[in-house]
Amino acid sequence: MVEEKQVIIVADDEKSNRVLLNELLKDRYRIILAKDGKQALARAQEFLPDLILLDVIMPVMDGHETIKMLKNDDKTRNIPVIFISGLDSTEDEQTGLDLGAADYISKPFHPAIVEARVRNHLRSVRQRRLLERLAHIDGLTEIPNRRSFEQSLEKEWFRCMRSKAPVSIIMVDVDYFKLYNDHYGHTAGDCVLRKVALGLSKSLNRSCDIVARYGGEEFVALLPDTEIDGGKMIAEAMRATVESLDLTHCKSNIFEKVTISIGGATEIPPSESFGEKLLNKADQMLYKAKETGRNRVVWYEE
């Protein structure tokens, strides 16, 4: 798999500097050019780069004003900025760093120094993003973890509250999983959880839908802007997909294959709630699905 190039915005009013930096860095990175601070801001909003190389003295909006606006915007405040400037006094460098710049390179710059500093900062960006991603991914199944689900639920809950759109939640439990582990061993059990997670994920159709590992053999799915009928349809697709995996489970009390039980619930978010009640309703329906035979979908009906 070819790794996607990291994105750098080069903002400088002198064309010769833009051309030089573009030629220096374009083989390793995707370069977006800007001729002033205002253009740099617009392109930062559009492309959300990994790094910005920013001249200080520019027309329309200088580098100091540009970085202030970048740092005051939630969308761009974490993008590292390196000032490249003809102002090379200690005071000028301190001003840039105090405004939030990650580094300061004086003109005329040495290409090898620019390359090295850009490389070091972008390595840090890649490592930070990897750590952020790992903090939200379940280590075993490689799908979102419970923390990631809870953050997505909060975000989508308030969005749907504003638009008066329904939210559906699906709770999933692997049937008789303890018996599976006891008979086949935990390594085989881990393999089943990975396959079930993949099957559940493939049952989703939209980027806004997520399925997460909730804990143990339990999974949860969040379906914003989804009515009851749509939620039921996806839940049934999940159930059928796992059954079709054809994973032998000779200790199951209902079927000699790995199956899942599903509970679901739908509501338009009321202003006084934060999603816990809907989650509890889905959990109650999961319990009912297990109580009434397993390998089935039970949906909450008012």
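The values are calculated or read from the model by the stated rules, or taken from the named source; none is laboratory data. Everything numeric in this text was worked out from a predicted model, so none of it was measured. A quick note on method: Cβ atoms are made from the backbone with ideal geometry, for glycine too, and the neighbour counts reach across all protein chains shown. Note: accessible area is taken over every heavy atom of the protein model, side chains too, but ligands, DNA and RNA are not part of it. Shrake-Rupley method; radii C 1.70, N 1.55, O 1.52, S 1.80 Å.
For this structure, a couple of remarks:
Rundown of residues vs (1) closer than 15 Å to residue 260 by Cα; (2) part of a helix (DSSP H, G or I); (3) open to solvent by 30 Å² or more (accessible area, probe 1.4 Å), yes/no style:
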| residue | (1), (2), (3) |
| --- | --- |
| 169 | no, no, no |
| 179 | yes, yes, yes |
| 183 | no, yes, yes |
| 191 | no, yes, yes |
| 195 | yes, yes, yes |
| 199 | yes, yes, no |
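- Inside the stretch 253-287, residues that are of a type in the set (Ser, Thr, Tyr), in a loop (DSSP other than H, G, I, E, B) and in contact with a helix residue (DSSP H, G or I) (Cβ under 7 Å, 6 or more places away or on another chain) make up a count of 2.
- Selection within the stretch 245-294 - of a type in the set (S, T, N, Q) and either more than 22 Å from residue 203 (Cα to Cα) or within 31 Å of the chain's Cα centre (by Cα) (or both): 252, 253, 259, 261, 266, 271, 273, 280, 284, 292
- Restricting the stretch 23-51 to residues that are under 11 Å from residue 76 (Cα atoms) and among the hydrophobic types (A, V, I, L, M, F, W, C), the residue that is nearest to the chain's Cα centre (by Cα): 48
- Looking across the stretch 56-78, the residues that are open to solvent by 10 Å² or more (accessible area, probe 1.4 Å) and touching a strand residue (DSSP E or B) at 6+ places or on another chain (Cβ under 8 Å) come down to 57, 58.
Per-residue answers, yes or no, for (1) charged (D, E, K, R); (2) under 18 Å from residue 239 (Cβ atoms):
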residue	(1), (2)
133	yes, no
138	yes, no
142	yes, no
156	yes, no
159	yes, no
181	no, no
189	no, no
209	yes, yes
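- The residue pairs whose first member lies in the stretch 89-108 and is under 16 Å from residue 51 (Cβ atoms), whose second member is of a type in the set (Gly, Ala, Ser), and whose beta carbons are closer than 8 Å, counting only pairs six or more residues apart or on different chains, are 96/63; 96/85; 104/85; 104/96; 105/85.
- Sole residue being more than 23 Å from residue 161 (Cβ to Cβ) and open to solvent by less than 10 Å² (accessible area, probe 1.4 Å), chosen from 233, 238: 238
- Residue list for the stretch 133-167, filter: of a type in the set (D, E, K, R) and either open to solvent by less than 70 Å² (accessible area, probe 1.4 Å) or part of a helix (DSSP H, G or I) (or both): 133, 138, 146, 147, 150, 154, 155, 156, 159, 162
- Selection count where residues are under 19 Å from residue 213 (Cβ atoms) and either open to solvent by 10 Å² or more (accessible area, probe 1.4 Å) or at pLDDT below 95 (or both), scope the stretch 257-275: 1
- Candidate set from the stretch 108-132 (those that are outside any helix (DSSP H, G or I) and open to solvent by 40 Å² or more (accessible area, probe 1.4 Å)); member that is nearest to residue 36 (Cα to Cα): 108
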